[in-house]
Amino acid sequence: MRSALLAAVLALALPACASSRACVSMDPTLGEAFFVPVQDAGEEGGASAVDVGHVILMYLPNRVLDLFDVARAGVNVGPGIGVQAKATENAQVTFITRTSAGLGLQTLRHLPAYASIENAAGAGPLSAETNLGLGWYQSPMDLRLELHPFIVGAHVAIEPKEIADFILGLFTVDISKDDY
(Lines give C-alpha, C1' and ligand atoms only; values in the text may rest on other atoms or scores of the structure.)
Protein backbone atom coordinates (compact mmCIF):
# COMPACT_ATOMS: atom_id res chain seq x y z
CA MET A 1 0.00 0.00 0.00
CA ARG A 2 2.78 2.40 0.96
CA SER A 3 4.60 1.66 -2.34
CA ALA A 4 1.45 2.31 -4.34
CA LEU A 5 1.02 5.66 -2.57
CA LEU A 6 4.68 6.53 -3.26
CA ALA A 7 4.27 5.61 -6.93
CA ALA A 8 1.16 7.77 -7.19
CA VAL A 9 2.88 10.76 -5.57
CA LEU A 10 5.99 10.42 -7.75
CA ALA A 11 3.88 9.99 -10.87
CA LEU A 12 2.13 13.29 -10.12
CA ALA A 13 5.45 15.02 -9.40
CA LEU A 14 7.05 13.93 -12.69
CA PRO A 15 5.98 15.10 -16.14
CA ALA A 16 4.26 12.58 -18.39
CA CYS A 17 6.47 9.72 -19.49
CA ALA A 18 6.43 10.85 -23.11
CA SER A 19 8.29 14.09 -22.28
CA SER A 20 10.36 12.88 -19.32
CA ARG A 21 13.68 11.08 -18.98
CA ALA A 22 12.19 8.69 -16.37
CA CYS A 23 8.79 7.38 -15.36
CA VAL A 24 7.60 5.86 -12.14
CA SER A 25 6.44 2.29 -12.37
CA MET A 26 5.41 -0.45 -9.97
CA ASP A 27 7.29 -3.72 -9.68
CA PRO A 28 4.43 -6.22 -9.38
CA THR A 29 6.67 -8.89 -7.84
CA LEU A 30 8.05 -6.67 -5.08
CA GLY A 31 5.22 -4.15 -4.83
CA GLU A 32 7.72 -1.26 -4.87
CA ALA A 33 7.96 1.87 -6.97
CA PHE A 34 11.03 2.43 -9.15
CA PHE A 35 12.16 4.76 -11.92
CA VAL A 36 12.21 3.52 -15.48
CA PRO A 37 14.50 5.37 -17.90
CA VAL A 38 12.71 6.51 -21.04
CA GLN A 39 14.51 6.68 -24.37
CA ASP A 40 14.59 10.22 -25.76
CA ALA A 41 13.08 10.90 -29.12
CA GLY A 42 16.57 12.28 -29.93
CA GLU A 43 18.00 8.78 -29.56
CA GLU A 44 15.53 7.51 -32.15
CA GLY A 45 16.52 10.14 -34.69
CA GLY A 46 14.15 12.98 -33.77
CA ALA A 47 14.53 15.71 -31.19
CA SER A 48 12.26 15.94 -28.17
CA ALA A 49 10.70 19.23 -27.10
CA VAL A 50 12.95 19.23 -24.03
CA ASP A 51 16.11 18.91 -26.17
CA VAL A 52 15.04 21.65 -28.59
CA GLY A 53 14.16 23.97 -25.71
CA HIS A 54 17.52 23.30 -24.07
CA VAL A 55 19.42 24.05 -27.31
CA ILE A 56 17.50 27.32 -27.73
CA LEU A 57 18.01 28.35 -24.11
CA MET A 58 21.74 27.54 -24.09
CA TYR A 59 22.55 28.70 -27.65
CA LEU A 60 23.95 32.13 -26.78
CA PRO A 61 25.89 31.06 -23.63
CA ASN A 62 27.44 28.14 -25.54
CA ARG A 63 28.50 30.40 -28.44
CA VAL A 64 30.15 32.84 -25.99
CA LEU A 65 32.00 29.97 -24.28
CA ASP A 66 33.06 28.56 -27.66
CA LEU A 67 34.38 31.99 -28.77
CA PHE A 68 36.47 32.35 -25.61
CA ASP A 69 37.86 28.81 -26.10
CA VAL A 70 39.68 29.87 -29.30
CA ALA A 71 42.55 31.98 -27.91
CA ARG A 72 44.39 32.21 -24.61
CA ALA A 73 47.05 34.54 -23.22
CA GLY A 74 48.75 35.21 -19.91
CA VAL A 75 51.57 37.01 -18.14
CA ASN A 76 53.85 35.55 -15.42
CA VAL A 77 56.04 37.41 -12.95
CA GLY A 78 58.93 35.69 -11.17
CA PRO A 79 62.47 34.48 -11.81
CA GLY A 80 62.88 32.17 -14.77
CA ILE A 81 64.08 31.70 -18.29
CA GLY A 82 62.65 29.79 -21.20
CA VAL A 83 60.87 29.46 -24.47
CA GLN A 84 58.14 27.24 -25.85
CA ALA A 85 57.09 27.09 -29.50
CA LYS A 86 54.41 24.54 -30.20
CA ALA A 87 52.47 23.59 -33.33
CA THR A 88 50.88 20.60 -31.55
CA GLU A 89 51.83 18.38 -28.65
CA ASN A 90 53.99 16.36 -31.07
CA ALA A 91 55.66 19.31 -32.84
CA GLN A 92 57.24 21.46 -30.17
CA VAL A 93 60.43 22.96 -28.83
CA THR A 94 60.32 23.65 -25.10
CA PHE A 95 62.81 24.75 -22.48
CA ILE A 96 61.41 26.57 -19.45
CA THR A 97 62.47 26.77 -15.84
CA ARG A 98 60.76 29.27 -13.56
CA THR A 99 59.12 30.05 -10.26
CA SER A 100 56.36 32.50 -10.99
CA ALA A 101 52.75 33.59 -10.64
CA GLY A 102 50.50 35.09 -13.28
CA LEU A 103 47.10 36.01 -14.61
CA GLY A 104 45.54 35.68 -18.03
CA LEU A 105 42.60 34.53 -20.11
CA GLN A 106 42.59 30.72 -20.18
CA THR A 107 39.11 30.30 -21.68
CA LEU A 108 36.05 30.84 -19.52
CA ARG A 109 36.20 27.14 -18.60
CA HIS A 110 39.62 27.27 -16.86
CA LEU A 111 41.09 29.29 -14.01
CA PRO A 112 42.78 32.54 -15.11
CA ALA A 113 45.61 32.15 -12.57
CA TYR A 114 49.06 30.59 -12.53
CA ALA A 115 51.29 29.95 -9.53
CA SER A 116 53.94 27.29 -9.98
CA ILE A 117 57.48 26.06 -9.89
CA GLU A 118 57.90 24.64 -13.38
CA ASN A 119 60.63 22.86 -15.31
CA ALA A 120 59.92 21.64 -18.83
CA ALA A 121 62.04 20.43 -21.72
CA GLY A 122 61.02 18.83 -24.98
CA ALA A 123 61.56 18.49 -28.70
CA GLY A 124 59.10 16.95 -31.13
CA PRO A 125 56.91 14.36 -29.42
CA LEU A 126 59.36 13.86 -26.52
CA SER A 127 59.01 16.03 -23.45
CA ALA A 128 59.42 16.01 -19.69
CA GLU A 129 57.79 18.39 -17.28
CA THR A 130 57.47 19.00 -13.57
CA ASN A 131 54.92 21.49 -12.41
CA LEU A 132 54.41 22.02 -8.69
CA GLY A 133 51.35 24.21 -8.40
CA LEU A 134 48.67 25.58 -10.67
CA GLY A 135 49.80 25.67 -14.31
CA TRP A 136 48.42 27.26 -17.46
CA TYR A 137 45.83 25.28 -19.40
CA GLN A 138 47.31 23.73 -22.55
CA SER A 139 45.57 21.69 -25.22
CA PRO A 140 47.39 18.99 -27.22
CA MET A 141 46.45 20.83 -30.44
CA ASP A 142 47.61 24.31 -29.39
CA LEU A 143 49.52 26.68 -31.61
CA ARG A 144 51.47 28.26 -28.76
CA LEU A 145 54.33 30.68 -28.18
CA GLU A 146 55.71 31.37 -24.71
CA LEU A 147 58.72 33.39 -23.63
CA HIS A 148 60.04 33.93 -20.12
CA PRO A 149 63.19 36.10 -20.12
CA PHE A 150 64.38 36.67 -16.54
CA ILE A 151 61.50 38.18 -14.48
CA VAL A 152 58.46 38.57 -16.76
CA GLY A 153 57.05 35.94 -19.10
CA ALA A 154 54.07 35.79 -21.43
CA HIS A 155 52.29 33.31 -23.68
CA VAL A 156 49.68 33.29 -26.43
CA ALA A 157 47.89 30.23 -27.75
CA ILE A 158 45.28 29.47 -30.38
CA GLU A 159 43.48 26.17 -30.79
CA PRO A 160 42.34 25.53 -34.40
CA LYS A 161 39.82 22.86 -33.36
CA GLU A 162 38.05 25.46 -31.22
CA ILE A 163 37.79 27.81 -34.21
CA ALA A 164 35.97 25.04 -36.08
CA ASP A 165 33.86 24.29 -32.97
CA PHE A 166 32.81 27.95 -32.77
CA ILE A 167 31.88 28.19 -36.47
CA LEU A 168 30.02 24.86 -36.53
CA GLY A 169 28.40 25.77 -33.19
CA LEU A 170 26.61 28.61 -34.98
CA PHE A 171 24.71 25.77 -36.70
CA THR A 172 24.35 23.80 -33.40
CA VAL A 173 27.08 21.26 -34.27
CA ASP A 174 29.34 20.65 -31.25
CA ILE A 175 32.53 18.88 -32.33
CA SER A 176 34.29 19.56 -28.99
CA LYS A 177 31.38 18.05 -27.03
CA ASP A 178 31.56 20.97 -24.58
CA ASP A 179 28.12 22.57 -24.96
CA TYR A 180 25.80 22.53 -21.98
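The values are calculated or read from the model by the stated rules, or taken from the named source; none is laboratory data. What you are looking at is a predicted structure, and each value in this text was computed from that prediction instead of being measured. Cβ: placed from backbone, ideal geometry, glycine included. Neighbour counts: every protein chain shown.
When segment 128-142 is examined, which residues are found to be surrounded by 13 or more Cβ atoms within 10 Å (Cβ to Cβ), more than 17 Å from Ile96 (Cβ to Cβ) and out of contact with any helix residue (DSSP H, G or I) (no Cβ under 7 Å at 6 or more places or on another chain)?
Ser139
Here is a check on your reading of the model: is Leu105 touching a helix residue (DSSP H, G or I) at 6+ places or on another chain (Cβ under 8 Å) and under 23 Å from Pro140 (Cβ atoms)?
Yes: the conditions hold for Leu105.
Out of (1) surrounded by fewer than 14 Cβ atoms within 10 Å (Cβ to Cβ); (2) in contact with a strand residue (DSSP E or B) (Cβ under 6 Å, 6 or more places away or on another chain), the odd one out for Pro125 is which?
Pro125 satisfies all of (1) surrounded by fewer than 14 Cβ atoms within 10 Å (Cβ to Cβ); (2) in contact with a strand residue (DSSP E or B) (Cβ under 6 Å, 6 or more places away or on another chain) except (2).
Go through Asp179, Asp165 for me and flag whichever is more than 17 Å from Arg72 (Cα to Cα) and touching a helix residue (DSSP H, G or I) at 6+ places or on another chain (Cβ under 8 Å).
Checking each option against the conditions leaves just Asp179.
Need pairs with beta-carbon distance below 9 Å; first residue part of a strand (DSSP E or B) and within segment 142-162, second of a type in the set (Val, Ile, Thr) and modelled with pLDDT under 95; sequence gap 6+ or separate chains.
As it stands, the answer is Leu143/Thr88, since those pairs meet every condition given.
Phe171 passes all but one of (1) over 19 Å from His110 (Cα atoms); (2) surrounded by 13 or more Cβ atoms within 10 Å (Cβ to Cβ); (3) among the hydrophobic types (A, V, I, L, M, F, W, C); which number fails?
(2)
Among the residues of segment 45-53, are any of a type in the set (Asp, Glu) and either farther than 17 Å from Leu168 by Cβ or in a strand (DSSP E or B) (or both)?
Scanning segment 45-53, I find at least one residue that is of a type in the set (Asp, Glu) and either farther than 17 Å from Leu168 by Cβ or in a strand (DSSP E or B) (or both), so the answer is yes.
Only one residue in Gly124, Gly153, Gly135, Gly102 is assigned by TED's automatic domain parsing to the domain that holds Val75, touching a Phe, Trp or Tyr at 6+ places or on another chain (Cβ under 6 Å) and over 30 Å from Val55 (Cα atoms). Which one?
Gly102 is the lone residue from the list that is assigned by TED's automatic domain parsing to the domain that holds Val75, touching a Phe, Trp or Tyr at 6+ places or on another chain (Cβ under 6 Å) and over 30 Å from Val55 (Cα atoms).
Output the number of residues of segment 144-163 satisfying the condition of being surrounded by 15 or more Cβ atoms within 10 Å (Cβ to Cβ) and either within 17 Å of the chain's Cα centre (by Cα) or more than 26 Å from Gly80 (Cα to Cα) (or both).
The number of residues fulfilling the criteria is 6.
Within segment 95-111, track down each residue that is at pLDDT 95 or above and either part of a loop (DSSP other than H, G, I, E, B) or charged (D, E, K, R) (or both).
Arg98
Residues checked against (1) out of contact with any His (no Cβ under 6 Å at 6 or more places or on another chain); (2) of a type in the set (Asp, Glu); (3) at pLDDT 95 or above; (4) in a strand (DSSP E or B):
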| position | (1), (2), (3), (4) |
| --- | --- |
| Thr29 | yes, no, no, no |
| Gly80 | no, no, yes, yes |
| Gln84 | yes, no, yes, yes |
| Gly133 | yes, no, no, yes |
| Trp136 | yes, no, no, no |
| Ser139 | yes, no, no, no |
